[in-house]
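Notes for the one structure printed next.
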Amino acid sequence: MSAESTPIPGKPGGKGRRRKPRSKGRKGLLITAWVAAGIVVLGGTGAGYLYFKLNGNIKSVDIDQALGSARPTKVDNGSENILVLGSDTRSGSNKKLGGGTDDGSARSDTAMIVHVYEGHKKATVVSIPRDTLIDRPECTDTEGTEHDAASDVMFNSAYSTGGATCAVKTVESLTGIRMDHYLEVDFSGFEKLVDELGGVTVTTTKNIKDTDSHLDLKAGTHKLTGEQALGLVRTRHGVGDGSDLGRIQLQQAFIKALVKQVKSLGVLTSPKKLYDLADTATKTVTTDSDLGSVNSLVSFASGLKGISPANMTMVTMPVQYDPADPNRVLVRETKAKQIWTALEDDRVIPESATEGNATGQAKGVVTS
């Protein structure tokens, strides 16, 4: 399992276990999933060969069958909760982007719970830091292999241990909330997707330079290429306190810019352009079985089209730096409970839940 250090606030690169620098494009690429379904709405309206080709692109996992009935009760109030996960498998085309050894394993370096409120006009996105120490429940993966519970392990160990089903069960155990859907993004298609979108426009309020992520942006407005977007969502040394929490803040800002860009595609009329986007998007995601077809994704995405960036609230699960290990963070249970209760009741998250928590000190560095 690969992981980076999370320094103590004000002490970037603080003492702790040192890790190998992350390779290109490895972090934050789950954001593709947020727009993938929307692109399918634009490009998935064809029939015959094109429909079946898109349908054949989609990979799905039967989460419900693997987890059974031992799950939180599904809340029937018109809202939806979607676990969006970014995986960093080293096989296939990902090896070229991510580097490293093709050991057949994969990790989830980024996770977000997307809560879509009743009426589907607004959403809240809660990022879960991968360095969070948690108690992982026992789980059974889709191959039927059972995995023992573990205490005080990193959050992202759930996926590397038992794949999608263990990740979902861990999130449900952590939050007490049922995940209605699952979307996983493999980063190999991310760069191409951003380029096919025509780039994504962001504004940086200060210079960002990180030789590790090959990113060099002056303060100002930029239309990011796919390569630059990869650099932005993975940079951690170029801004803030150098922690993973700071990178989450950059990712959250980039999501809003990306959603804004996707919504602008509604004016496009080129069938080939729309199909190319849909083809790339459907190759990029893995879904739960309920979303495992073009028709299902189209229906799902149609319900998200009314959500504008202005109606998206971005927060990070309340954490504090672990005084025993500067590379880790701990859940602030009382404040986290406020968030999970609000989402379960389909309410706005109270401000008190987001105050006084550890942050990456990178808020406002990127805007859309």
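Computed quantities for the displayed model
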{"quantity": "Residues that are open to solvent by 50 Å² or more (accessible area, probe 1.4 Å) and modelled with pLDDT of 50 or more, drawn from the stretch 77-118", "calculated": "118"}
{"quantity": "Residues of the stretch 168-193 that turn out to be buried (at least 21 other Cβ atoms within 10 Å of the Cβ) and without any contact (Cβ under 8 Å) to a residue 60 or more places away in the chain, as a count", "calculated": "1"}
{"quantity": "Residue in the stretch 357-367 that is of a type in the set (Ser, Thr, Tyr), touching a strand residue (DSSP E or B) at 6+ places or on another chain (Cβ under 7 Å) and surrounded by fewer than 18 Cβ atoms within 10 Å (Cβ to Cβ) present", "calculated": "yes"}
{"quantity": "Subset of the stretch 119-157 that is out of contact with any strand residue (DSSP E or B) (no Cβ under 9 Å at 6 or more places or on another chain) and small (Gly, Ala, Ser) - its residue that is surrounded by the fewest Cβ atoms within 10 Å (Cβ to Cβ)", "calculated": "144"}
{"quantity": "The stretch 122-136, residues that are closer than 16 Å to residue 358 by Cβ and among the small types (Gly, Ala, Ser)", "calculated": "127"}
{"quantity": "Subset of the stretch 197-219 (residues that are assigned to a loop (DSSP other than H, G, I, E, B) and modelled with pLDDT of 90 or more)", "calculated": "199, 205, 206, 207, 218, 219"}
{"quantity": "Meets criteria (modelled with pLDDT under 90, part of a loop (DSSP other than H, G, I, E, B) and within 17 Å of residue 281 (Cβ to Cβ)) for residue 46", "calculated": "yes"}
{"quantity": "The one condition in (1) under 15 Å from residue 84 (Cα atoms); (2) among the polar types (S, T, N, Q); (3) surrounded by fewer than 22 Cβ atoms within 10 Å (Cβ to Cβ) that residue 295 fails to fulfil", "calculated": "(1)"}
{"quantity": "Members of the stretch 321-342 found to be more than 21 Å from residue 250 (Cβ to Cβ) and assigned to a strand (DSSP E or B), listed by number", "calculated": "330, 331"}
{"quantity": "Flag if residue 194 is more than 16 Å from residue 70 (Cα to Cα), under 20 Å from the mean Cα position of the chain (by Cα), of a type in the set (A, V, I, L, M) and outside any strand (DSSP E or B)", "calculated": "yes"}
{"quantity": "Residue pairs meeting the criteria (Cβ under 6 Å; at least 6 apart or on separate chains; first touching a residue at least 40 places away in the same chain (Cβ under 8 Å), in the stretch 318-341; second surrounded by 19 or more Cβ atoms within 10 Å (Cβ to Cβ) and part of a helix (DSSP H, G or I))", "calculated": "339/353; 340/175"}
{"quantity": "Tally of residues being assigned to a helix (DSSP H, G or I), modelled with pLDDT of 80 or more and β-branched (Val, Ile, Thr) across the stretch 264-301", "calculated": "4"}
{"quantity": "Matching residues in the stretch 332-351 - criterion: being exposed (fewer than 12 other Cβ atoms within 10 Å of the Cβ) and closer than 13 Å to residue 77 by Cα", "calculated": "345"}
{"quantity": "In the stretch 221-251, the residues that are open to solvent by 20 Å² or more (accessible area, probe 1.4 Å) and either at positive phi or not in a loop (DSSP other than H, G, I, E, B) (or both)", "calculated": "221, 222, 223, 227, 228, 240, 249"}
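Residues checked against (1) closer than 23 Å to residue 50 by Cβ; (2) surrounded by fewer than 15 Cβ atoms within 10 Å (Cβ to Cβ); (3) touching a strand residue (DSSP E or B) at 6+ places or on another chain (Cβ under 9 Å):
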{"residue": "260", "(1), (2), (3)": "no, no, yes"}
{"residue": "263", "(1), (2), (3)": "no, no, no"}
{"residue": "287", "(1), (2), (3)": "yes, no, yes"}
{"residue": "318", "(1), (2), (3)": "no, no, yes"}
{"residue": "325", "(1), (2), (3)": "no, no, yes"}
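The values are calculated or read from the model by the stated rules, or taken from the named source; none is laboratory data. What you are looking at is a predicted structure, and each value in this text was computed from that prediction instead of being measured. Note: ideal-geometry Cβ built from the backbone for every residue, glycine included; neighbour counts use all protein chains shown. Remember, those area values only see protein heavy atoms, side chains included, never the ligands or the DNA or RNA. Shrake-Rupley method; radii C 1.70, N 1.55, O 1.52, S 1.80 Å.
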